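The values are calculated or read from the model by the stated rules, or taken from the named source; none is laboratory data. Predicted model, so just to flag it, every value in this text is computed and none were measured. Quick reminder, even Gly has a Cβ in these numbers, built from the backbone with ideal geometry, and neighbours come from all protein chains shown. Note: areas computed on protein heavy atoms with side chains; ligands, DNA, RNA excluded. Shrake-Rupley method; radii C 1.70, N 1.55, O 1.52, S 1.80 Å.
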Amino acid sequence: MKLSGADIVLECLRRIGVDTVFGYPGGVVLPLYDRLPAHPKIRHILVRHEQGGGHAADGYARASGRLGVALATSGPGATNLVTAVQNAMMDSIPTLFITGNVARNLLGRDGFQEADITGILMPAVKHNYLVMRAADLAYSFAEAAYIAQSGRPGPVHIDIPKDVFLEQAEFEWPEQISIRGYHVPGAADADSIARAAALIDAAQRPIVIAGHGVILGNASAELRAFVERSGIPVLNTLLGLGSIPRDHALSYGMLGMHGSFEANLAASNADLVIGLGNRMDDRAIGRFADFNHQASIIHIDIDPSEHNKNLRTALPITGDVKQVLAQLTQAIRQRSHVQWIRWMDEVRAQHAHTLAIPGGPVLSVQHIVRRISELNDDDTVIVTGVGQHQMWAAQHMKFTRPHQLITSGGLGTMGFEVPAAVGAQVARPNSKVWSICGDGGFQRTMQELATMVDEHLPVKMAIMNNGYLGMVRQWQELFYKDNYVAVAISQPDFVKLADAYGIKALRVTEREQVDAAIREANAHPGPVILDFQVEAEGNVWPMVPAGAALSETVGAPERPSAVPAT
Amino acid sequence: MKHTLVALVENRPGVLTRVSSLFRRRGFNIHSLAVGVTEEPGISRMTIVVDGDDAIAEQVEKQLTKLIDVVHVATITAEESVVRELALVKVRCRPAERREVLDLVEVFRAQVVDLSPVSLIIQIVAEEDRLEALLENLRPYGVLESVRTGRVALVRGERTTAVHELEAAGAQRFHTESGRLPEGQLPYVSD
């Protein structure tokens, strides 16, 4: 039976298990929108900006572990997706981006609302397709879904000219996918496992760095079994938080630019570093050239191009981290590392003040995120923006399960927090979704408040309102001699703004009000905005200054005392 | 240091962009790039010469492999393979000088493929150093223009870098035809 291209697209989405699309209509995708009502199993969520749609698809994918889908029209609609696509690329999020384009006979002629989005997105996607025949749609979608979700996941883009939506073709769903240029690694070879096991069994000061790959690869249980047998303490990258419960005895939290002293010094003093599903990013590893010269490095990743990209490693292992961890657990001895862990605990105790929550009456972000974490259960999803509040959330919130923290790691996209929370709430309608927002980031994407209202999404937004682009201000203070340029930022009255959208809002100015406000937000059935008027010039510590080595982690400088010492 | 990489790629629109964009983005330095179709339908072969140390060559190989449209990548060395490059050189040459130039052509095992009263086109197929030595020797006569194909190479003996992995007919058709306008429909036709 022949179907129109539009019907084929919608049928393909159903075949690949998609039930939700975040989209925004426009001229060339009208033939597709025209057929949406005939496919009631596909829920279309109308966003207010394509970037919001893209981040919502990203948040949906992260919260659910399923494919996130965003749809946009040609030209400006498509180019508005670019940030969201690159964000999904940097963080390896299984997403499908669908754009319309001008009709085939206008392609390349600078038609109205034409952009070469296939060309623009080529370096920002795992793979992309320009579909020139309705007959090619089924193959394109089948391959796209497979590529986006297998191996190291990532965004795939499909660009469809307007008249392809209208063209009639036979619908033939490919029974199996074979792509000769694409092979998904599985288990590691026996030799690598034997060499890794020998290094692990001989190590005196081993450390695991567990990254996002452990979460993406559903390998949390295997990680736990591995570290409980080997006795090796675990550090997390920002995106790896939740891969092991933070309250596990071997969990030592985040390393990196704002990692704890015990994490950074353990990574710097270990004699064996085991990277699991991480990409040895500069924010996690510090200055590459000076990262722990004494350690042997085992780097396990499904993407071999991450091996030896930033750090030379003694033993790169290509494979699915879930399978490789199971193999390793079989191959190693049961051990414990009492002295090494005692040393880490001593470092932690010695530097505990660097991560202390400011006392006294001051309303600090640290206190607020800690209380949000403590007053919500493990099922709650935490979404953050980018900057100081993101780092404080990573430091002070207790993440106990994979997919609990949703944050823009690689690209560092301010404004991610609002639309990603939309997607997370759609993916998990029965879970609480808290979005920790910056006052800067919130203003970048707050148009999606209308989407929350339309779709009855009860997202709880905690805006950390300090009147500054906080992380930029911190850098200007520390590295540009207090020269504050373009960093103080005004805001609308967020309570009135919420009111204009029909959203409940509370303003919080005192520390004593924090718990009551969080409880009130949780009790309210709809979306809530909490405008936390936090201290203006708090700094995130500890810190590895940009370009420094992890071993050069510093705490807050001593404040000059009011009375000079005599 | 120069490394010779062979990439077997799906012959489909955008594949050259994907490869060249990767080189630009990662800061890899291409010395030469030669592309052509192969004995296998739908597969083109790129021979890429890259400047850089071994770590760079390793990254180039891995990043290329990561591209879905790249089917197979191999680094091949001069010792194990036949390496050639073709050059056409138009050299100024009056009849009086012709004997000298023809001697050079013979010494370098090149050929004359075009002749005019004031010029010659010389074709040479050789390894890079012999080709450059010829160019050096022709320079005094005046090289008017020249063109080089870039390095191509095949491994000696029975071993190959090719992978003849057959796909199902549907996938085969999709991989070779998708992304193109249906045959006979040129893109710039006015309604």
Point to revise | Simple spin-label estimate for B:V112 and A:D271 in nanometres, 7 Å along Cα-Cβ | key: 7.5 nm
Point to revise | Fraction of accessible area attributable to carbon and sulfur, the protein assembly as shown (%, probe 1.4 Å) | key: 52 percent
Practice item. Report, in deg cm²/dmol and to the nearest 500, the calculated mean residue ellipticity at 222 nm for the protein assembly as shown, where each DSSP H run with n ≥ 4 adds -39500 (n - 2.57) and the sum is divided by the residue count. Key: -10000 deg cm²/dmol
Study note, to complete from the structure: Expressed as a percent, the portion of alpha-carbon pairs in segment A:190-353 spaced more than 21 Å apart is 38 percent
**Study point:** Interchain or long-range residues, amide H under 5 Å from B:I43's placed H
**Key:** B:N11, B:T38
Practice item. Post the alpha-carbon centroid distance, segment A:125-176 to segment A:507-528, in whole angstrom. Key: 45 Å
**Study point:** Listed residue pairs exceeding 20 Å between alpha carbons, taken from A:K322/A:K432; A:K398/A:K432; B:K2/B:K90; A:K162/B:K66; A:K126/A:K322
**Key:** A:K322/A:K432; B:K2/B:K90; A:K162/B:K66; A:K126/A:K322
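Out of the DSSP beta bridges found with both residues in segment A:383-521, what percent are antiparallel (nearest 5)?
Working: 1 of 9 bridges.
That works out to approximately 10 percent antiparallel.
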Check your understanding: Averaged across the residues of A:296-308, what count of C-beta atoms belonging to other chains lies within 10 Å of each residue's C-beta?
Key -> 2
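State to the nearest 20 debye the size of the charge dipole of segment A:356-545 about its Cα centre, where the only charges are +1 on K and R beta carbons and -1 on D and E beta carbons.
Working: 15 positive and 20 negative charges, 53 e Å.
Computed charge dipole of segment A:356-545: roughly 260 debye.
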Study note, to complete from the structure: Note on the protein assembly as shown, DSSP bridge orientation, antiparallel percent to nearest 5 equals 45 percent
Check your understanding: Among B:T149, B:V6, A:I382, whose Cα lies farthest out toward the positive end of the dipole of the protein assembly as shown, if unit charges sit on the beta carbon of Lys, Arg (+1) and Asp, Glu (-1)?
Key -> A:I382
Check your understanding: Each residue of segment A:540-551 in turn: what ³J(HN,Hα) in whole Hz from Karplus with 6.51, -1.76, 1.60 and θ = phi - 60°, glycine and Pro shown as x?
Key -> 8, 10, x, 8, 9, x, 3, x, 8, 8, 4, 5
Exercise for review: Multiply the residue gap between A:D282 and A:V184 by 0.36 nm, knock off their C-alpha separation, and tell me the result in nm, one decimal place.
Suggested key: 32.6 nm
Review point. Residue by residue, what Karplus-based ³J(HN,Hα) values in Hz, rounded to whole numbers, does segment A:285-291 have, using 6.51, -1.76 and 1.60 with θ = phi - 60° and x for Gly and Pro?
Key: 9, x, 4, 4, 4, 10, 7
Point to revise | For chain A, alpha-carbon Rg relative to the globular expectation (2.2 N^0.38 Å, N residues) | key: 1.00
Review point. Among all the lysines, which ones have a C-alpha under 22 Å from A:K41's C-alpha, if same-chain residues fewer than 8 places away are not counted?
Key: A:K2
Review point. P(r) of chain B in 5 Å steps, Cα pairs, percent per bin?
Key: 1, 7, 13, 15, 13, 12, 12, 10, 8, 5, 2, 1, 0
Check your understanding: segment B:97-173 to segment A:228-245: how many Å between their Cα centroids?
Key -> 57 Å
Exercise for review: Could you sort the residues of segment B:155-170 by number and keep only those whose accessible area is reduced by 50 Å² or more in the all-protein-chain setting relative to the chain alone, 1.4 Å probe?
Suggested key: B:E165
Check your understanding: Using modelled amide H (1.01 Å from N, peptide plane; none on Pro or chain starts), what sits under 5 Å from the amide H of A:L363, excluding residues fewer than 5 places away?
Key -> A:E535
Review point. Using the eigenvalues of the Cα gyration tensor, what equivalent ellipsoid semi-axes result for segment B:81-148 when each is taken as the square root of five times the eigenvalue, whole Å, largest first?
Key: 20, 11, 10
Check your understanding: Quick one: which of A:307-320, A:401-414 comes out on top by average Cβ neighbours within 10 Å, and what's the full order, highest first?
Key -> A:401-414, A:307-320
Study note, to complete from the structure: Each label sits 7 Å from Cα toward the beta-carbon; between A:Q168 and A:D34 the label points are separated, in nm, by 1.4 nm
Review point. B:R25 to B:L102: FRET efficiency via 1/(1 + (r/R0)^6), r the Cβ-Cβ distance, R0 45 Å, to the nearest 0.05?
Key: 0.40
Review point. What is the set of long-range amide H partners of A:G68 at a cut-off below 5 Å, with H atoms built 1.01 Å from backbone N?
Key: A:A61, A:T95, A:L96
Check your understanding: What do you get when you divide the Cα radius of gyration of segment A:380-536 by 2.2 N^0.38 Å, with N the number of residues?
Key -> 1.01
Exercise for review: Give me D for segment A:2-170 in µm² s⁻¹, whole number, from Stokes-Einstein with Rh from the Kirkwood sum over alpha-carbon pairs, 20 °C and 1.002 mPa s.
Suggested key: 141 µm²/s
Practice item. Compare the Cα positions of A:Q476, A:Y60, A:H456 along the charge dipole of chain A (+1 at Cβ of Lys, Arg; -1 at Cβ of Asp, Glu; about the Cα centre) and return the one farthest towards the positive end. Key: A:Y60
Practice item. Run the quick spin-label model on B:A169 and B:T77: label points 7 Å from Cα toward the beta carbon, then report their separation in nm to one decimal. Key: 4.5 nm
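About the Cα centre, and with charges only on the beta carbon of Lys, Arg (+1) and Asp, Glu (-1), how big is the dipole of the protein assembly as shown? Nearest 20 debye, please.
460 debye
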Practice item. Once every Cα of segment A:475-537 carries one equal point scatterer and solvent is ignored, give the base-10 log of I(q)/I(0) from the Debye formula at q = 0.23, 0.25, 0.26 Å⁻¹, two decimals. Key: -0.94, -1.03, -1.07
Review point. Segment B:1-90: D in µm²/s via Stokes-Einstein (Kirkwood Rh, Cα pairs, 37 °C, 0.692 mPa s)?
Key: 242 µm²/s
Review point. Do any chymotrypsin sites (Phe, Trp or Tyr not before Pro) in segment A:66-140 lie in a DSSP loop with no more than 13 other beta carbon atoms within 10 Å, and if so, which?
Key: A:F112
Check your understanding: Mind ordering B:6-17, A:273-284 by average Cβ neighbours within 10 Å, highest first?
Key -> A:273-284, B:6-17
Exercise for review: Could you calculate the contour length gain from A:Y501 to A:T354, that is, 0.36 nm times the residue separation minus the distance between their Cα atoms, to one decimal place in nm?
Suggested key: 48.9 nm
Exercise for review: Enter the buried accessible area of the A/B pair, total of both sides, probe 1.4 Å, in Å² rounded to the nearest 100.
Suggested key: 3100 Å²
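Placing unit charges on C-beta atoms (Lys and Arg positive, Asp and Glu negative, everything else neutral), compute the dipole magnitude of segment A:2-170 about its Cα centre in debye, rounded to 20.
On the way: 15 positive and 16 negative charges, 81 e Å.
Dipole size: approximately 380 debye.
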Exercise for review: Quantify how strongly other chains surround peptide B:59-68 by giving the mean number of their Cβ atoms within 10 Å of each of its Cβ atoms.
Suggested key: 5
Point to revise | Whole-Hz ³J(HN,Hα) from phi, Karplus 6.51 cos²θ - 1.76 cosθ + 1.60, for segment A:315-329, glycine and proline x | key: 9, x, 10, 8, x, 6, 4, 5, 6, 5, 4, 5, 4, 5, 4
Review point. Relative contact order of chain B: what whole-number percent is it, with Cα pairs under 8 angstrom and at least 6 residues apart?
Key: 25 percent
Practice item. Using a Förster distance of 30 angstrom, determine the FRET efficiency expected from the C-beta separation of B:V155 and B:T17, and round it to 0.05. Key: 0.60
**Study point:** Cleavage-rule hits, trypsin sites (Lys or Arg not before Pro), segment B:100-188, DSSP coil, Cβ neighbours within 10 Å at most 15
**Key:** B:R109, B:R156, B:R159, B:R180
Check your understanding: Can you give the average number of partner chain beta-carbon atoms within 10 Å of each beta-carbon in peptide A:116-129, as a whole number?
Key -> 3
Exercise for review: Based on the mean of other Cβ atoms within 10 Å per residue, sort peptides A:153-162, A:60-69 so the most packed one is first.
Suggested key: A:153-162, A:60-69
